[in-house]
Protein chains: 2
Amino acid sequence: MHDVARLAGVSAQTVSRLIKGFEGIRPGTRERVEAAIAELDYRPNQAARLLRTRKSKRIGALAHEMFEFGPARLLRGAANEARRSGYSVNIVGVDGDDELAIEEAFRSFEEEQVAGIIAVTLTDSMRRVVERRPLDVPIIVDPAETLGGGQTISQTGAAMAADHLLQLGHRRIGYLGGPDGWLPSRERRSQFLADVRAGGGQIVAEWSGDWTPASGDRAGGVFDPSANITAVFVANDAMAIGFIHRLFARGFDVPGDVSVIGFDDIAEAAYMNPPLTTVRPDFEAEGRIAIGALLAEIEHHPRGDFAHPGGELIVRSSTASVR
Amino acid sequence: MHDVARLAGVSAQTVSRLIKGFEGIRPGTRERVEAAIAELDYRPNQAARLLRTRKSKRIGALAHEMFEFGPARLLRGAANEARRSGYSVNIVGVDGDDELAIEEAFRSFEEEQVAGIIAVTLTDSMRRVVERRPLDVPIIVDPAETLGGGQTISQTGAAMAADHLLQLGHRRIGYLGGPDGWLPSRERRSQFLADVRAGGGQIVAEWSGDWTPASGDRAGGVFDPSANITAVFVANDAMAIGFIHRLFARGFDVPGDVSVIGFDDIAEAAYMNPPLTTVRPDFEAEGRIAIGALLAEIEHHPRGDFAHPGGELIVRSSTASVR
DNA sequence: AAACTTCTTGTCATCGATAACATTCTGCTC
DNA sequence: GAGCAGAATGTTATCGATGACAAGAAGTTT
């Protein structure tokens, strides 16, 4: 910075002011300084700035299972949104229920003096670890909480699934969910169950898996035909794929004997046999919204409108009207 | 730090020395300082340290399509390995051929004064952008380059696929690859082609897609039965799924009419119909190895052994002996 | 016990930016 | 053109760690 100042014939302070966008600089001076900056390809030293101001433009993202379908997209949306506002996002992935890794992540966020933290906490246990941590920066523990009381994408999506099955005339319906300890899993379940009942249907069977196709396959193994289930909502496409696979192996037809609707719309869904009817939630939007809320808090400006991430029902061939 | 020093009755320098692991500190002093650190829950200020030393413990990872199957696992392996050595990894995702985003990523790495950079450059165009950038920190442009002349996972995997098909008696073989501009795509192709030929087979047809199931489906549409192809190696499972889907739609049987082997072993592969024979490459190991090489360069200690990431052939039911 | 080596600890300046305060310069009024 | 408000710029001290050097303490040798 001093080199720039010397070259432009001004003091370092003037350079500093220009950099952070101070208005009151005479045009002539401004030009000289800008020329000097360009000339020397000067780049401010973040460390020095951080040391002095204690304000960074970095956000820490604690991401549970960051490479899973939903979280990955949410993170992408979040990172892009943050970047648009001049913040960078430091993603720390945590797999499984590794409390130590979480503690470590927070420690590193603290040391890096992030301006805020977004924790993509999918499970209760993880959420507990995060919540009992005293912190001096804004934090968003669950992106869904930033929706201002609106519906989460899990809820909107589950509602779409329920509506779709009811419209097709299904009344005896099953639900294959994720693990109980997972928030999205519970949200999808309660919304779906409520809507099915409100629409005059009943939940005849429930199973739960661990989001993997293998667990969907296992659920398909305990599927009981004598219960006369005509449709099943599976909480993600991966399990739906395993579920359908086992149903076929056991001689059932989808959607002939039972309709199946998934959740996520993974790229492969359209190329299953039968092509999978599913819900395509806008995870990226949820990430964007969460970061928007976090930045509002960091910069103390009021939240704008509460946007709501949407979702889309993708009707393919794994669901059909009830006979 | 000064508070700690005062509390322990020593100078700040002594505290500093203790922190960075300096040996020559009398046990009594050491104890007092450690007690003071614990007492005050003291955490060194990274910014100050970075300002003074210009050495950070952070690695920048420029990740192209970071949420794709391979890159995601590679990054996970890299991040874990880095963490084991006390480094944190700052992942910046770049999607598509966004040169601007790459430039921006490097800029931010520079500003953060990362100790090294690992660029997961999958495409040639991206690689060119990265390579023409002058840099003053160690960088690994392509993880595969750290293998010390050994085979990449793409090559080992392709070799396994070729071997498998040849062993089953196939001689008239097709190849469905990724985009030409992608390095892994070319590696898989050239290795596969070479091995097939060396084994007495011939490549009767070639198609290429963009890694998506949709593109696999399109390739399946132009599959020409008159060429008497009995087996096809598809460069990733997603395309394989689309490919098989279309073959079925056109009335061909897999593996009855044509065997198909994929690459990646995505979770869904086992639950396809038929369950997909595929190659399971160890992407995480590749990430670990790359970081190992990078750290060696950063810390100027000699590279250890060149480990080689392995792969595994997963034989399921989409391949069969030639009739 | 003096002289000397080695080990431990302390002092001071510095990294690059900025907050707070001080000063100089402009443009205006009368 | 003197006086003055307000704008533009400069000075100084500081954030928290550490490198280089200095000094004091402990141990060794003769």
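Distance between the modelled labels on A:Asp136 and A:Val315, one decimal in nanometres: 5.7 nm (7 Å Cα→Cβ projection). For the pair B:Arg171 and B:Glu145, a Förster radius of 45 Å applied to the C-beta separation gives a FRET efficiency near 0.85, rounded to the nearest 0.05. Roughly how many Å is it from the Cα centre of the stretch B:1-25 to that of the stretch A:62-83, as a whole number? Centre-to-centre (Cα) distance: 40 Å.
Simple point charges give the picture: +1 on the Cβ of Lys and Arg, -1 on the Cβ of Asp and Glu, and for the stretch A:1-143 a dipole about the Cα centre of about 1020 debye.
Which residues, if any, in the stretch B:68-92 lose at least 40 square angstrom of accessible heavy-atom surface (probe 1.4 Å) when the other protein chains sit next to their chain rather than the chain being alone? Checking the loss per residue gives B:Arg76, B:Arg83, B:Asn90, B:Ile91. Note on B:His308: accessible area approximately 90 square angstrom, rounded to 10, probe 1.4 Å, nucleic acids and ligands left out.
Think of the protein assembly as shown as a dipole: +1 on every Lys or Arg Cβ, -1 on every Asp or Glu Cβ, centred on the Cα centre; then among B:Val279, A:Ile314, A:Ser85, A:Ser85 lies furthest on the positive end. Averaging the sequence gap over all C-alpha pairs within less than 8 Å and six or more residues apart, then dividing by the number of residues, gives chain A a relative contact order of 17 percent.
Annotation: per residue accessible area for the protein assembly as shown equals 43 Å², rounded to a whole number [probe 1.4 Å, protein chains only]. Return the residues of the stretch A:200-249 for which accessible area with all protein chains present is lower than in the chain on its own by 20 Å² or more; set the probe to 1.4 Å and exclude ligands, DNA and RNA. By number: A:Pro213, A:Ala214, A:Ile241, A:His245.
Distances between copies of A:Ala12, taken at a point 7 Å out from Cα along the Cα→Cβ vector and listed shortest first: 1.7 nm.
Between this copy and the others, label points of B:Asp98 are 2.8 nm apart in ascending order, each placed 7 angstrom from Cα in the Cβ direction. Of the solvent-accessible surface of the stretch B:185-323, computed with a 1.4 Å probe over protein heavy atoms with every protein chain present, carbon and sulfur atoms account for 48 percent. The residue list A:Thr29, B:Ala105, B:Tyr42 was ranked by how far each Cα lies along the charge dipole of the protein assembly as shown toward its positive end, using unit charges on Cβ atoms, and A:Thr29 comes out on top.
Within a Cβ distance under 15 Å of A:Pro134, other residues only, what is the Lys/Arg minus Asp/Glu net charge? Result for the neighbourhood of A:Pro134: 0. Per-residue ellipticity at 222 nm, computed for chain A from helices alone with -39500 (n - 2.57) per DSSP H run of at least four residues, works out to -14000 deg cm²/dmol.
Normalised by the number of residues in the stretch A:18-167, the mean separation of alpha-carbon contacts (under 8 Å, six or more apart) gives a relative contact order of 22 percent. Ligands, DNA and RNA left out, the accessible area of the stretch A:2-44 computed with a 1.4 Å probe is 49% carbon and sulfur.
Modelled spin labels at A:Arg84 and A:Arg250, positioned 7 Å past Cα toward Cβ, are 4.6 nm from each other.
Taking a point 7 Å from the Cα of B:Lys20 along the Cα-to-Cβ direction, none of the residues of the stretch A:28-60 has its backbone N closer than 15 Å to it. Shape class for the stretch B:128-188: oblate, because the ratio a/c of the largest to smallest gyration tensor axis (alpha-carbon atoms, square roots of eigenvalues) is 1.5 or more and b/c is at least a/b. For the protein assembly as shown, the equivalent ellipsoid derived from the alpha-carbon gyration tensor has semi-axes of 48, 32, 24 Å in decreasing order. Only the Cβ atoms of Lys and Arg (+1) and of Asp and Glu (-1) were treated as charged; on that basis the dipole of the stretch A:153-281 about its Cα centre amounts to roughly 260 debye. Under a model in which nothing but the beta-carbon of Lys, Arg (+1) and Asp, Glu (-1) is charged, chain B shows a dipole of about 900 debye around its Cα centre. Chain A against chain B buries an accessible area of about 3800 Å², both chains summed, 1.4 Å probe radius.
Quick check: Cα centre of the stretch A:179-239 to Cα centre of the stretch A:255-280, how many Å? So the separation of the two Cα centres works out to 14 Å.
The values are calculated or read from the model by the stated rules, or taken from the named source; none is laboratory data. Please read all numbers here as calculations on a predicted model, not as lab measurements. With ideal geometry, Cβ positions are generated from the backbone for all residues, glycine too; neighbour counts draw on all protein chains shown. Just so you know, the surface numbers come from the protein's heavy atoms only, side chains and all, with ligands and any DNA or RNA stripped out. Shrake-Rupley method; radii C 1.70, N 1.55, O 1.52, S 1.80 Å.
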